[in-house]
Structure formats: C-alpha cells, structure tokens
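Taking it in order: structure first as structure tokens, then the write-up.
Computed from the coordinates by the stated procedures, all read-outs in this text should not be read as laboratory data. Model, not experiment: these values are computed from the prediction. Backbone-built Cβ (ideal geometry, glycine too); neighbour counts: all protein chains shown.
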Amino acid sequence: MLDALAPNFVILLLGRAIQGLGTGIALPLMFNIILEQVPADKIGLMMGFGNLITGVAPALGPTFGGLVINNLGWRYVFFFLMPLIILSLFLGLYDIQQKSNIVKIKPDFLSIVFIAVLFAGVIYDFSNLSSGKLLTNLFPIFIGLCSFGFLLGRSKKLAQPILHFEILKNKSFSVHLLGFLMIQLCSLGNAPSCCLTTAGQPVYGYCCWSGYHAGWHCRGLDERGWRPPL
C-alpha cells in the first residue's frame with residue numbers, strides 16, 4: 001500500500017526496502033516450514049515448488065510488470081499484489097502451526113551492519129563493472145571484503161552469532177553449498193538477461209521448464225533419492 005500510494009521516489013524506495021526486508025525473512029522461513037511440517041516423503045516435492053518461486057520470478061516478473069505498467073501504470077503493480085498478500089496472510093495464520101519451541105535470541109546489531117555493508121559493496125561493484133572504471137569498482141568491493149573480515153572475527157567472539165561459519169568446515173556441506181550456488185547463478189542469472197535480450201520470448205518456456213522440474217524431478221527425489229535428479 002505504501003508503494004502504491006507513494007507521492008515521491010523517497011517513499012517508494014522506503015516501501016521497496018520494507019518489501020525487501022519481508023522477502024529476506026519469508027524465503028528462508030518458507031524452507032524452514034517445509035522441512036519442519038511437511039511429511040518426509042513429500043519434502044522433495046514441496047522444496048521443488050519452493051524453488052519454483054525463485055526460479056520463475058526473474059523470468060515472469062519483468063514481463064508481468066511491463067504489461068501492467070504499459071497498460072495501467074506502475075502503481076497497479078502493487079495494487080495487484082495486495083490481494084495475494086492478504087490471502088497468503090490468512091492462509092498462513094490458518095494452516096501453519098508452531099511445532100518447535102520458540103527461543104528468544106538477541107540479534108547482534110554490529111553483525112547486521114557488517115552484513116549490510118558487505119552486500120552493498122559487492123552489489124554496487126558488480127552493478128558498475130560495465131563502466132570500465134577499475135579503481136572506482138575496486139573500492140566498494142574492498143570495503144565489502146573488509147566488512148566480511150570483521151564479520152568473521154565478530155562471529156567467533158559471540159556465543160550465538162547470526163551466521164555460524166564453522167559449518168563450512170564440513171566438506172560435504174561446503175561442496176553441496178557450492179553446487180547449489182552455481183545452479184542458482186546459472187538459472188537466476190541467465191533468466192532476466194534472456195528475457196531482456198529477446199523481448200521476453202523464452203519466458204514461457206523457462207516457466208514451463210521450471211514447473212516441470214519442480215513437479216517431476218523433485219517428486220522423483222522423494223521416490224529415488226537425490227542422485228537421479230541431479
């Protein structure tokens with residue numbers, strides 16, 4: 001509602017920041033709910049549908065947004081989202097149950113600042129690589145890497161850090177994490193560029209393939225294990 005009724009760009013940017021905060025909480029929470037509440041023989045299928053959201057969104061979102069903006073105006077992009085958000089709220093309140101015990105943890109504000117600086121520096125650097133100004137691009141990523149170093153040091157000193165980097169010492173976990181990141185880089189990174197360079201022509205094929213993968217392959221994961229789908 002804040003974005004739909006925004007009188008200026010500052011309010012619009014504030015609303016988008018709130019949306020980003022909500023999305024950052026909702027996506028990992030969704031997978032946590034799946035692992036906690038879905039029966040073991042259906043986890044693969046539901047994880048596939050969960051990944052379907054992040055797979056389809058970069059391909060379908062620009063097309064949908066462009067159609068709405070060209071025909072109705074940019075405010076209607078947010079108006080159309082409101083019924084879906086309200087429906088999701090009531091469905092979640094009705095169906096999702098709190099099964100695990102709630103543990104109150106006080107977040108470390110300094111760690112949050114380090115994470116914000118890290119992502120801001122890296123994203124700004126990659127967004128301006130095409131400018132050709134090497135020194136200008138190196139400075140933000142240098143600040144981001146320094147922030148990452150401070151975050152590592154800070155996490156070692158805390159009894160309950162925001163991110164437990166010690167888990168990366170597990171070779172099996174690290175290898176699987178690297179594979180997942182590479183898959184996400186290929187799928188999410190290529191989808192928007194393909195849509196922009198070919199005027200949206202591969203969007204429907206991409207969405208259909210993502211749906212096929214989520215439904216059939218992840219169902220096969222439940223029946224035959226992880227290796228055949230991979």
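Here are some notes:
- Within straight-line reach of residue 99, meaning a Cα separation under 19 Å, sit the following lysines at least 8 residues removed in sequence or on another chain: 42.
- In summary, the lysines within cross-link reach of residue 169, defined as a Cα separation below 26 angstrom excluding same-chain residues under 8 places away, comprise 106, 156, 157.
- Segments 122-129, 5-12 sorted - mean Cβ within 10 Å per residue, highest first: 122-129, 5-12
- Ordering 89-102, 66-79 by mean Cβ neighbour count within 10 Å, with the highest value first, yields 66-79, 89-102.
- Shape call, segment 65-115: gyration tensor on alpha carbons, a/c limit 1.5: oblate
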